[in-house]
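**Student:** First the structure, then my questions, so here it is.
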Amino acid sequence: MFCSAVQGEFGRLKRAERFVLRSSALLQTQKARTCLSEVNLSNKIPNVFRSCLLSCFFLCFSPSLLTSYRYVTVVGKHPRYKIAVFLHICGFGDRVSGPPRFQPLGARALSLTAAQSSAEAPPARADSTFKVTMVPGDGVGPELMTAVKEVFKAGDVPVEFEEFHLSEVQNMASEDKLDQVLTSMKGNRVAIKGKIHTPMEYKGELASYEMRLRRKLDLFANVVHVNSLPGYNTRHNNLDLVIIREQTEGEYSSLEHESVKGVIECLKIITREKSRRIAKFAFDYATKKGRKKVTAVHKANIMKLGDGLFLQSCAEIAELYPKIKYENIIIDNCCMQLVQNPYQFDVLVMPNLYGNIIDNLAAGLVGGAGVVPGESYSAEYAVFETGARHPFAQAVGRNIANPTAMLLSAANMLRHLNLEYHSNMVSEAVKKVIKQGKVRTRDLGGYSTTSDFVRAVVANLRYRPV
Amino acid sequence: YPPLTTIPPPAKYGGRHTVTLIPGDGIGPELLTHVRELFRFCCVPVDFEIVSIDSKSTSDDDMNNAITAIRRNGVALKGNIETNHNLPPSHISRNNILRTSLDLYANVIHCQTLPGVRTRHRDVDIIIIRENTEGEYSSLEHENVPGVVECLKIITRKKSLRIAEYAFNAARQNGRRRVTAVHKANIMKLGDGLFLQCCKEVAAGYPEITFDSMIVDNTTMQLVSKPQQFDVMVMPNLYGSVISNVCAGLVGGPGLVPGANYGKDYAVFETATRNTGKSIANKNIANPTATLLASCLMLDHLRLHGYASMIRKAILATVSETRLHTADLGGQGTTSEVVQSVMREIESKGPRTSEQI
């Protein structure tokens with residue numbers, strides 16, 4: 001294509017300078033990735049020609065760029081060529097021209113992902129059945145989902161599951177399956193899923209299925225409820241934390257490349273828009289649940305611009321919430337404080353990778369990955385899953401996995417669907433079984449199997465169908 | 001109040017919106033509780049953030065809190081906040097503070113005769129668009145000489161153009177043919193004259209819509225004799241207050257008509273006539289229709305049209321039944337009976353989720 005032509009022609013010039021064009025949106029589309037932007041130009045070319053080349057370059061990418069508008073940076077080694085080129089100078093039309101002549105009033109965008117807003121859901125009723133997408137995932141996922149289904153059946157919960165077996169490691173990986181899952185999720189708006197395992201080897205696709213699902217549905221906020229279970233004593237009892245993690249950018253942008261052999265550059269992207277969005281989510285969540293403090297976790301002393309932007313966005317949004325205390329803490333100090341004195345934290349908000357680490361750390365504080373429920377929100381969709389996401393492949397078939405996390409997450413899902421009664425019924429049954437302490441799975445120190453635990457939960461459900 | 005430089009991201013998560021709820025005084029809290037009940041019953045994906053304002057206190061904290069909450073969420077549903085006349089003039093009406101700080105410049109009231117409500121006039125269908133932030137409500141008064149009070153009515157070109165533009169656009173979008181500007185420019189030649197001139201300028205850009213103007217005294221007389229001649233009316237603040245109350249009375253009273261306040265970035269919904277209703281508070285005799293219809297307007301604004309039309313149909317069916325009319329419509333029904341009837345309507349006629357498959 002164009003870049004290969006340029007490369008061919010100027011590649012042999014010495015002291016070639018490298019322009020690496022990166023676009024966070026470009027690289028998400030498969031075909032744009034294949035014609036990756038690595039243009040070798042020499043500093044002998046006059047500036048005019050260079051800028052012409054660049055603008056031609058943008059124009060040839062225009063079809064894919066028009067679909068997703070993001071910034072494009074042109075980074076080069078020589079300081080003269082460090083230009084940030086914005087799409088609007090290439091004149092990508094009406095998307096960026098001034099506001100229309102008449103703007104509908106009071107019309108703040110109801111969702112930052114307006115392109116994704118599907119047709120409005122038909123009104124639901126309090127006495128109808130709800131359809132929920134279910135993706136069991138890998139490892140013990142299917143066993144946990146069976147547990148959820150059994151409990152729901154016993155409790156006569158009016159939820160119907162639409163199952164999809166999507167996996168990257170088993171031989172069920174296909175783009176069709178992913179599309180089916182996405183359509184179903186967009187239709188039902190609520191989903192419950194297990195962990196879809198991401199293989200370590202690089203098979204040509206940097207973004208895993210889970211990451212792609214999250215991006216397509218724009219599930220930007222991950223909420224993990226870290227609550228101590230009454231009746232199960234850990235080193236820290238009576239813990240009540242909420243961890244909110246930005247889930248679509250940060251270190252998980254799946255942008256990596258090898259510019260020079262043996263040197264890998266892995267890009268961590270932090271944007272103002274997404275940082276503000278997650279900060280607003282965190283504060284809105286705190287307001288809704290009556291929480292008093294939001295702590296932002298960062299490493300802005302090292303990543304001054306990246307995490308600095310995150311912090312700045314959090315501070316801006318914090319001004320709108322005078323009743324909620326806002327603090328920030330560096331990630332290393334935060335981890336230490338969490339294991340020494342976790343009671344000082346209330347709601348924590350952070351970018352992607354730190355969130356992953358702190359989720360798992362906090363899960364460990366209250367009893368492990370089998371105990372902590374979590375959910376992911378976008379403006380339109382909600383996906384419920386465990387807090388610490390592990391496929392736990394060693395336990396497959398051995399009936400030893402702890403279904404507590406999945407059952408508590410299913411209870412949260414029922415609350416989201418407005419089925420308060422059933423939600424309380426399921427969560428109280430689970431908590432009662434744990435409190436009684438007679439039936440405990442291996443990770444909590446007992447000897448019972450998953451099925452024993454599920455049977456105990458079913459026995460404790462207060463609702464008895466006639 | 002310092003203006004917010006950038007608008008925060010919208011408060012919609014997992015498909016659920018967050019809306020600020022300001023109960024207000026009098027019948028406000030009672031009726032808004034009914035709205036919340038109804039929304040729970042219909043599984044409407046709206047969560048309310050309740051911000052109470054104590055009208056007895058003289059501090060501004062409550063108001064600032066409420067305004068910040070509306071800035072965060074973008075949409076609000078409110079009852080009327082009482083303004084004590086006995087307090088000194090520095091105590092500006094709380095409702096007014098809300099409207100001016102959020103710059104909710106258009107108050108839109110749609111008065112329609114509802115089927116089933118007997119009124120003296122039939123087939124009334126008027127949209128009233130009232131400038132909400134300036135005019136006589138600028139709260140600028142002073143007493144230079146004892147015994148002589150000057151009360152300033154401010155009319156600006158910018159705001160008049162803005163409201164006229166809104167009115168004509170709303171008329172065009174709703175397929176209306178005629179916009180009437182209501183004024184008193186024969187007396188206030190410069191003030192209302194400017195308003196009228198701005199309306200005329202804007203009218204030139206909308207050739208398919210007829211524009212005429214009428215003096216406010218003539219308007220009120222025409223409204224009570226032949227209200228069917230009016231289509232869309234645009235006017236400054238005080239005339240808007242008077243005309244909207246007259247029109248609400250024509251179609252059945254203050255308990256039936258909802259109103260909406262729109263600004264560039266925020267929208268606040270309430271009843272059209274903004275009554276506190278202190279004398280009928282907590283007696284279960286207030287008419288909830290206006291507040292319920294206002295919540296439907298809010299749902300339309302949030303683009304939840306399915307829920308909005310479902311609730312609206314149920315309300316209209318209920319209002320047609322004479323035995324459920326509350327005291328202001330001449331019946332003996334109670335508020336809770338009306339709300340229960342609305343819920344029963346929705347239950348019997350609403351869709352079932354599984355049938356949509």
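**Student:** Run down B:Ile70, B:Ile53 and say which single residue is hydrophobic (A, V, I, L, M, F, W, C) and in a helix (DSSP H, G or I).
**Tutor:** Only one candidate passes the filter, namely B:Ile70.
**Student:** Same structure, new question: Name the residue, out of A:Val157, A:Val224, that is at pLDDT 90 or above, touching a Pro at 6+ places or on another chain (Cβ under 8 Å) and not small (Gly, Ala, Ser).
**Tutor:** Values: A:Val157 fails: touching a Pro at 6+ places or on another chain (Cβ under 8 Å).
When all the criteria are applied, what remains is A:Val224.
**Student:** Filtering the stretch A:368-381 down to residues that are assigned to a loop (DSSP other than H, G, I, E, B) and not small (Gly, Ala, Ser), which residue is nearest to A:Leu182 (Cα to Cα)?
**Tutor:** A:Tyr381
**Student:** A further question on this structure: Tell me yes or no: at least one residue of the stretch B:89-99 is surrounded by fewer than 24 Cβ atoms within 10 Å (Cβ to Cβ), touching a strand residue (DSSP E or B) at 6+ places or on another chain (Cβ under 8 Å), of a type in the set (Gly, Ala, Ser) and more than 21 Å from A:Phe283 (Cα to Cα).
**Tutor:** yes
**Student:** Hey, another quick one. Going by the structure shown, is B:Ala248 small (Gly, Ala, Ser) and within 17 Å of B:Ala164 (Cα to Cα)?
**Tutor:** Here the answer is no, as B:Ala248 does not meet what is asked.
**Student:** Something else: Look through the stretch A:387-409, keep the residues that are in contact with a Leu (Cβ under 8 Å, 6 or more places away or on another chain) and not in a helix (DSSP H, G or I), and return whichever of them is surrounded by the most Cβ atoms within 10 Å (Cβ to Cβ).
**Tutor:** Filtering the stretch A:387-409 for residues that are in contact with a Leu (Cβ under 8 Å, 6 or more places away or on another chain) and not in a helix (DSSP H, G or I), the one surrounded by the most Cβ atoms within 10 Å (Cβ to Cβ) comes out as A:Asn402.
**Student:** Further question: Among the residues of the stretch B:17-38, which ones are part of a helix (DSSP H, G or I) and buried (at least 20 other Cβ atoms within 10 Å of the Cβ)?
**Tutor:** Of everything in the stretch B:17-38, those that are part of a helix (DSSP H, G or I) and buried (at least 20 other Cβ atoms within 10 Å of the Cβ) turn out to be B:Gly28, B:Glu30, B:Leu31, B:Leu32, B:His34, B:Val35, B:Leu38.
**Student:** Say whether the condition of being under 17 Å from B:His34 (Cβ atoms), touching a helix residue (DSSP H, G or I) at 6+ places or on another chain (Cβ under 7 Å) and free of Cβ contacts under 8 Å to residues at least 24 places away in the same chain is met by at least one residue in the stretch B:313-336.
**Tutor:** Yes, the stretch B:313-336 contains at least one residue that is under 17 Å from B:His34 (Cβ atoms), touching a helix residue (DSSP H, G or I) at 6+ places or on another chain (Cβ under 7 Å) and free of Cβ contacts under 8 Å to residues at least 24 places away in the same chain.
**Student:** Conditions first: (1) under 15 Å from A:Val426 (Cα atoms); (2) surrounded by fewer than 18 Cβ atoms within 10 Å (Cβ to Cβ). A:Leu144 passes all but one, so which condition is the exception?
**Tutor:** Going through (1) under 15 Å from A:Val426 (Cα atoms); (2) surrounded by fewer than 18 Cβ atoms within 10 Å (Cβ to Cβ) one by one, A:Leu144 breaks only (2).
**Student:** What single numbered condition from (1) charged (D, E, K, R); (2) part of a loop (DSSP other than H, G, I, E, B); (3) touching a helix residue (DSSP H, G or I) at 6+ places or on another chain (Cβ under 7 Å) fails to hold for A:Glu205?
**Tutor:** It fails just one condition, (3).
**Student:** Please state which of the following conditions A:Ser259 fails to meet, knowing it meets all the rest: (1) surrounded by fewer than 18 Cβ atoms within 10 Å (Cβ to Cβ); (2) small (Gly, Ala, Ser); (3) within 14 Å of chain B (Cβ to nearest Cβ).
**Tutor:** Status for A:Ser259: all satisfied but (3).
**Student:** Right, A:Phe384: of a type in the set (Phe, Trp, Tyr), buried (at least 24 other Cβ atoms within 10 Å of the Cβ) and either touching a Leu at 6+ places or on another chain (Cβ under 6 Å) or not in a helix (DSSP H, G or I) (or both) or not?
**Tutor:** Yes, satisfied.
**Student:** Further, regarding this structure: If you go through the stretch A:228-265, how many residues are within 27 Å of the chain's Cα centre (by Cα) and at negative phi? Don't jump to the end; show me each part of the working.
**Tutor:** Our first condition is that a residue be within 27 Å of the chain's Cα centre (by Cα); within the stretch A:228-265, this holds for A:228-229, A:239-258, A:264-265.
Now restrict to residues that are at negative phi: A:228-229, A:239-249, A:251-253, A:255-258, A:264-265.
Of the residues in that region, 22 qualify.
**Student:** For the stretch A:196-211, give me each residue that is buried (at least 18 other Cβ atoms within 10 Å of the Cβ) and either of a type in the set (Phe, Trp, Tyr) or within 12 Å of the chain's Cα centre (by Cα) (or both).
**Tutor:** The answer is A:Tyr209, A:Glu210, A:Met211.
**Student:** Within the stretch B:241-299, how many residues turn out to be under 15 Å from the mean Cα position of the chain (by Cα), among the polar types (S, T, N, Q) and closer than 25 Å to B:Glu49 by Cα?
**Tutor:** Looking only at that region, the number is 8.
**Student:** Then there's this: Specify which of the listed residues (B:Gly205, B:Gly193) is of a type in the set (Gly, Ala, Ser) and more than 19 Å from B:Asn237 (Cα to Cα).
**Tutor:** When all the criteria are applied, what remains is B:Gly205.
**Student:** Given B:Ile97, B:Ile67, B:Ile7, which one is out of contact with any His (no Cβ under 6 Å at 6 or more places or on another chain) and either more than 14 Å from chain A (Cβ to nearest Cβ) or at positive phi (or both)?
**Tutor:** Testing whether each residue is out of contact with any His (no Cβ under 6 Å at 6 or more places or on another chain) and either more than 14 Å from chain A (Cβ to nearest Cβ) or at positive phi (or both) leaves just B:Ile97.
**Student:** Working only within the stretch B:275-299, note down all residues that are free of Cβ contacts under 8 Å to residues at least 12 places away in the same chain and within 11 Å of another protein chain (Cβ to nearest Cβ).
**Tutor:** Across the stretch B:275-299, there are no qualifying residues.
**Student:** Got a sec? Which of A:Glu168, A:Glu150, A:Glu175 is at pLDDT 65 or above, over 30 Å from B:His301 (Cβ atoms), touching a Ser or Thr at 6+ places or on another chain (Cβ under 8 Å) and among the acidic types (Asp, Glu)?
**Tutor:** Unique residue meeting the criteria: A:Glu168.
**Student:** Follow-up question, since we're still on this one. Here are some conditions: (1) surrounded by 24 or more Cβ atoms within 10 Å (Cβ to Cβ); (2) part of a helix (DSSP H, G or I). B:Gly255 meets all but one. Which one does it not meet?
**Tutor:** For B:Gly255, the exception is condition (2).
Here is a yes/no grid of residues against (1) at pLDDT 90 or above; (2) within 14 Å of chain A (Cβ to nearest Cβ); (3) farther than 19 Å from B:Ala272 by Cα; (4) under 22 Å from the mean Cα position of the chain (by Cα):
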{"position": "B:Ile126", "(1), (2), (3), (4)": "yes, no, no, yes"}
{"position": "B:Glu136", "(1), (2), (3), (4)": "no, no, no, yes"}
{"position": "B:His142", "(1), (2), (3), (4)": "no, no, yes, no"}
{"position": "B:Arg162", "(1), (2), (3), (4)": "yes, yes, yes, yes"}
{"position": "B:Phe168", "(1), (2), (3), (4)": "yes, yes, yes, yes"}
{"position": "B:Cys198", "(1), (2), (3), (4)": "yes, no, yes, no"}
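**Student:** If you don't mind, another one. Test B:Val224 against the criterion of being closer than 18 Å to B:Arg176 by Cα, out of contact with any Pro (no Cβ under 7 Å at 6 or more places or on another chain) and not in a loop (DSSP other than H, G, I, E, B), and give yes or no. If you could, list the steps in order and put the result at the bottom.
**Tutor:** Values: closer than 18 Å to B:Arg176 by Cα: no; out of contact with any Pro (no Cβ under 7 Å at 6 or more places or on another chain): yes; not in a loop (DSSP other than H, G, I, E, B): yes.
No; evaluated as a whole, the condition is false for this residue.
**Student:** A follow-up question, please. For the stretch B:220-245, enumerate the residues that are of a type in the set (Ser, Thr, Tyr) and over 21 Å from B:Ala167 (Cα atoms).
**Tutor:** Correct list: B:Ser225 only.
**Student:** Looking at the stretch A:261-282, is at least one residue hydroxyl-bearing (Ser, Thr, Tyr) and part of a helix (DSSP H, G or I)?
**Tutor:** yes
**Student:** Going through the stretch A:208-224 one residue at a time, which ones are part of a loop (DSSP other than H, G, I, E, B) and of a type in the set (Gly, Ala, Ser)?
**Tutor:** Passing the criteria: only A:Ser208.
**Student:** Additional query: Give me the residue from the stretch B:13-71 that is under 20 Å from the mean Cα position of the chain (by Cα) and of a type in the set (Lys, Arg) and, out of that set, modelled with the highest pLDDT.
**Tutor:** That would be B:Arg36.
**Student:** For the stretch A:175-182, does any single residue satisfy the condition of being touching a residue at least 40 places away in the same chain (Cβ under 8 Å) and either closer than 22 Å to A:Asn356 by Cα or exposed (fewer than 14 other Cβ atoms within 10 Å of the Cβ) (or both)?
**Tutor:** no
**Student:** Looking only at the stretch A:238-259, which residues are over 17 Å from A:Gly355 (Cα atoms) and either modelled with pLDDT of 90 or more or assigned to a helix (DSSP H, G or I) (or both)? Please lay out each step first, then the result.
**Tutor:** Residues of the stretch A:238-259 that are over 17 Å from A:Gly355 (Cα atoms), as a first pass: A:238-239, A:255-259.
The answer is A:Asn238, A:Leu239.
The values are calculated or read from the model by the stated rules, or taken from the named source; none is laboratory data. Just so we're clear, the structure is a prediction, and the values are computed from it rather than from any experiment. No Cβ is skipped: glycine too gets one built from the backbone with ideal geometry, and neighbour counts run over all protein chains shown.
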